[in-house]
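A quick write-up on the structure given underneath.
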Amino acid sequence: MSLEDIKATIRRFPKLLGGFGILTTAGIILYETPQIRKYFSQYVSKKEQEPDKRRTEYIYIKYHIYRESMRKLQQKQEDEKKWISVIINPIGKWWKAAKHSVAWRLLNIAQNGSQAERLKAVQQLICMDHLKDWDFRHLAQICDARTSVSLARCGADMRWFMPLPRRGCIRNPKMLLCDLHVMLSRLRPLSCVDHFFSKYFPDQHSIEELNEFFTQDQNVSLAVQDTDLLKEVISFLHHITKDPKIAAKIIHDGGLMHLMELRKIFADDNETLSTLCKVLANLSLVPDAVEHFFVSGWVGALAEWQQCPDLRLQVISAKTMANLDHDDPNQFTYPPNVYPLHPRVRTRRKPKADIVFIHGLLGGVFITWRQRDRKPTELGLYGKNAFYTSETDDVFLVGEPKRNGSRHQYNKQQGRPLIPAQLPATSEATKINTNKTNAMKDSLLKTSKKVEEKRLNISDAATKEFVETLYSEAELDSDWEVVHPDIPLEGSADCQGNFSVSGNEWSNQDASEEYTNCWPMEWLPDDYPDSRIIGIDYTSAVTEWSANFTKYCPCEKGQGHIEVRASSLLERIATAGVGNGRPVVWIGHSMGGLLTKLILLKCVDSVEERLQQIAKNTQGIVFLGTPHRGSPIAKWKQHMQMILSPSIEVKEMEENSPKLLEMHRRFMGCLHTCLRHVNVLSLAEGSPTMLTTFKFPLRIVTEESSRIDFGDFFLLKDDHLSLSKPIYRQSFVYQRLLHVISEAIDQSTEPREMDEQALPNTDLLAMNIVAVLLKGAKGLLEMLPRVALRFTT
């Protein structure tokens, strides 16, 4: 069949041919639908028109309603024409205008007045609560950096601060990692950065197809590996920002904006936020950092953290704001490892005393100095402290009663946090990684819960007064004497102290629900509000395997030596102005007592005036289970060093170590000479500490090692870890500590006696002899010319 025959045959069936063509075309279109849709999508807008804006809706008002509204309007206009309204309305309008104008005038004074005028204006501004939200927003827009920091330090309303930049949007973690890598690469050549890049932070490649920001409406998930890497970057930033030059370079490279994005990502992780806030505290030491913090929105974020329920964020944010507040007349600078527990806001008066707390091995500000649980449920292991964390617990770490706190997280309202979850590979792996991430979140360290007094719903006034009198009366009369629950088992021969309290002063707190995670921060300000309470925090480890603070840089490996650590802490304590015209009281637990001794010895041997002032103004020292002659646990660790690899701290605390004995000999010499005015209190453990993992008792510091032949010495029935945890305010430990602080403040207020009267009798006798000899020599020299003249004549 030829081609012409085929064409003739097809022409006979035109409908069949057309149907076949239509079916073929439809099949091709259906097959290429995704490509066609992708092609047309770039020319068609994806935004759908909102239904409420598509057409105009009318509201039909009935005639009688319209008539009634017009009648009320006419009545109001007639009332305004009356003579009373003519007088009252202008006064009301003037009063409203005056109230609004006062805020603007005070803000102008707070910005341009003298320092005294600025302080008064800020105090008046924080008392204003009658302004509207738009007034606060307008004032926040015209507020400068110095005034904003002053308002935050005085506890102003959060409406005084501008909202976070790009509120409601979260930066893509992939892009944020790329930006952080570029920022850190600019710090090269730096050995710490090179080591961190080679071991933890490889090169990051940006993906153009990724969205730069996520909004609240999007359901975003974050891979676990990205979360862990971001946490490593935050910890590394905390390490390198201790150098002021690197901190200044990071600020000028826009690092604060990257940290703000990290805050949005980890909005529910208080442990990571604490580390992030420590980075900010290091950056706040840069001289011109105030303006950068204000522009990036960190002043408002820090003000919010100062009012959050987590104690860690409260303290670290208060430290950062104190470093930024250069307009405070009582301003102090807080370098790394130094944390202000009280006061955390501006005060009108200067502190009368400095009280310094130094924890021991593997301790922390919110672990060592927390209240003891009256009903311990379990003995836990602490492989991490409240500021420096470790992912694994040390097997041979001593345990202590652990209070089960609530696991409520501090929910931020700025932006929607990303959900740490594994990307959808397998459902089981996703669940495991998610549970692991949630388990790593630390519980809130809340402030003490103060029980409010119940109001009496009694109508009769006489009956109500009688019941209130019964409630206010003491449980016991003054004839009773209540012995402290933690009364010492033994004391030195010349020890002094109150071991009981009068019945009318006793307050039974056995059934109280109050509990504090840091009693120096919440108890001492009630007894001594004019004192400055400082917590010293540092990293430590029992084994080299758990020394995670040395993993970011090899330069940290030698920081565990007690000599190096004491020198570093002394420099930072002196920068904070400790002992500058104020008495100092030191409280050291375990290894913290050894650091206290070495710090004071360095102050005595120093030629700098500011360091000598620390030793000169030291009025009290409290040693809580301090191993002056070493600890037997260090020797026990040494027997298993092939397995455990004990850390530098443990090796240096070996029992009867020559280094410790020499340091103790020098310190005792200072106590009998230049530090003889110091009131010393030593407390020793009378019970062994239970080791949680192996369930057997261990005496960490013996009585002989903790005894010091100076001041008062008491042997308590508590174990090593409970020495720093009073059960409540009326315990012997806390009341004896108050006695030491009271004596230190009283000694500083009394006029000091002459140096001759303060010297011992032997020194006075020697000085009298020397004075007599000099007087005799002077008289002899005066008589020599007369004798010579008589001899010649």
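The values are calculated or read from the model by the stated rules, or taken from the named source; none is laboratory data. Here the structure is a predicted model, which is why all the values come from computation and not from measurement. Positions of Cβ are generated from backbone atoms using ideal geometry, with glycine treated the same way; all protein chains shown enter the neighbour counts.
Here are a few things to note about the model shown:
- Residue list for the stretch 112-167, filter: surrounded by 19 or more Cβ atoms within 10 Å (Cβ to Cβ) and polar (S, T, N, Q): T147, S148, S150
Results for (1) under 16 Å from F357 (Cβ atoms); (2) buried (at least 21 other Cβ atoms within 10 Å of the Cβ); (3) within 22 Å of the chain's Cα centre (by Cα); (4) modelled with pLDDT of 75 or more, shown as yes or no for each residue.
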| residue | (1), (2), (3), (4) |
| --- | --- |
| G503 | no, no, no, no |
| N508 | no, no, no, no |
| I562 | no, no, no, yes |
| S568 | no, no, yes, yes |
| V585 | yes, yes, yes, yes |
| H589 | yes, yes, yes, yes |
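- Exclusive hit being modelled with pLDDT under 95, in contact with a Cys (Cβ under 7 Å, 6 or more places away or on another chain) and surrounded by 23 or more Cβ atoms within 10 Å (Cβ to Cβ), set L311, L362: L311
- Some residue of the stretch 227-237 being touching a Lys or Arg at 6+ places or on another chain (Cβ under 8 Å) and either at pLDDT 85 or above or more than 19 Å from T275 (Cα to Cα) (or both): no
- With respect to the conditions (1) of a type outside the set (K, R); (2) closer than 30 Å to H342 by Cβ; (3) in contact (Cβ under 8 Å) with a residue 60 or more places away in the chain; (4) part of a helix (DSSP H, G or I), I250 falls short on a single one, namely (2).
- Residue within the stretch 324-333 that is closer than 21 Å to I240 by Cα and surrounded by fewer than 23 Cβ atoms within 10 Å (Cβ to Cβ) present: yes
- Qualifying residue in the stretch 640-653 (condition: modelled with pLDDT of 95 or more and of a type in the set (A, V, I, L, M, F, W, C)): no
- Filtering the stretch 693-738 to residues that are part of a strand (DSSP E or B), within 20 Å of L362 (Cα to Cα) and in contact with a helix residue (DSSP H, G or I) (Cβ under 9 Å, 6 or more places away or on another chain) leaves only L698.
- Residues (over 19 Å from the mean Cα position of the chain (by Cα) and among the basic types (K, R)) located in the stretch 224-263: K245, K249
- Residue within the stretch 262-272 that is of a type in the set (D, E, K, R) and within 17 Å of R572 (Cα to Cα) present: no
- Which listed residue is in a helix (DSSP H, G or I), more than 21 Å from the chain's Cα centre (by Cα) and modelled with pLDDT of 95 or more, from I599, I621: I599
- With a requirement of 1 or more residues that are among the charged types (D, E, K, R) and farther than 30 Å from F236 by Cβ, the helices (runs of 4 or more DSSP H) lying completely within the stretch 117-188 that satisfy it span 133-142, 145-153.
- Within the stretch 602-618, tally of residues that are assigned to a loop (DSSP other than H, G, I, E, B) and closer than 21 Å to D712 by Cα: 1
- Scanning the stretch 282-341 for residues that are part of a helix (DSSP H, G or I) and not hydrophobic (A, V, I, L, M, F, W, C) turns up N282, E291, H292, G300, E304, Q306, R312, Q314, S317, K319, T320, N323.
- Qualifying residue in the stretch 83-101 (condition: part of a helix (DSSP H, G or I), at pLDDT 90 or above, surrounded by fewer than 16 Cβ atoms within 10 Å (Cβ to Cβ) and charged (D, E, K, R)): no
- A search for C-beta distances below 8 Å between a residue of the stretch 326-341 that is free of Cβ contacts under 8 Å to residues at least 60 places away in the same chain and any residue that is of a type in the set (D, E, K, R) and part of a loop (DSSP other than H, G, I, E, B), counting only pairs 6+ apart in sequence or on different chains, returns N330/R346; N330/R349; N330/K350; Q331/D325.
- Filter result for I487 (outside any loop (DSSP other than H, G, I, E, B), at pLDDT 75 or above and closer than 23 Å to T368 by Cβ): no
- Listed by first and then second residue, the pairs with beta-carbon distance under 8 Å, at least 6 apart or on different chains, first residue in the stretch 277-301 and of a type in the set (K, R), second part of a helix (DSSP H, G or I), are K278/H238; K278/I316.
- Of all residues making up the stretch 565-590, the number that are within 22 Å of L524 (Cβ to Cβ) and either among the aliphatic types (A, V, I, L, M) or not in a helix (DSSP H, G or I) (or both): 17
- Count of the stretch 675-702 residues, restricted to those that are surrounded by fewer than 22 Cβ atoms within 10 Å (Cβ to Cβ), in contact with a Leu (Cβ under 6 Å, 6 or more places away or on another chain) and either modelled with pLDDT of 90 or more or not aliphatic (A, V, I, L, M) (or both), is 3.
- Scanning the stretch 106-132 for residues that are more than 31 Å from the chain's Cα centre (by Cα) and at pLDDT below 90 yields H130, L131, K132.
- Residue in the stretch 512-523 that is modelled with pLDDT under 70 and surrounded by fewer than 16 Cβ atoms within 10 Å (Cβ to Cβ) present: no
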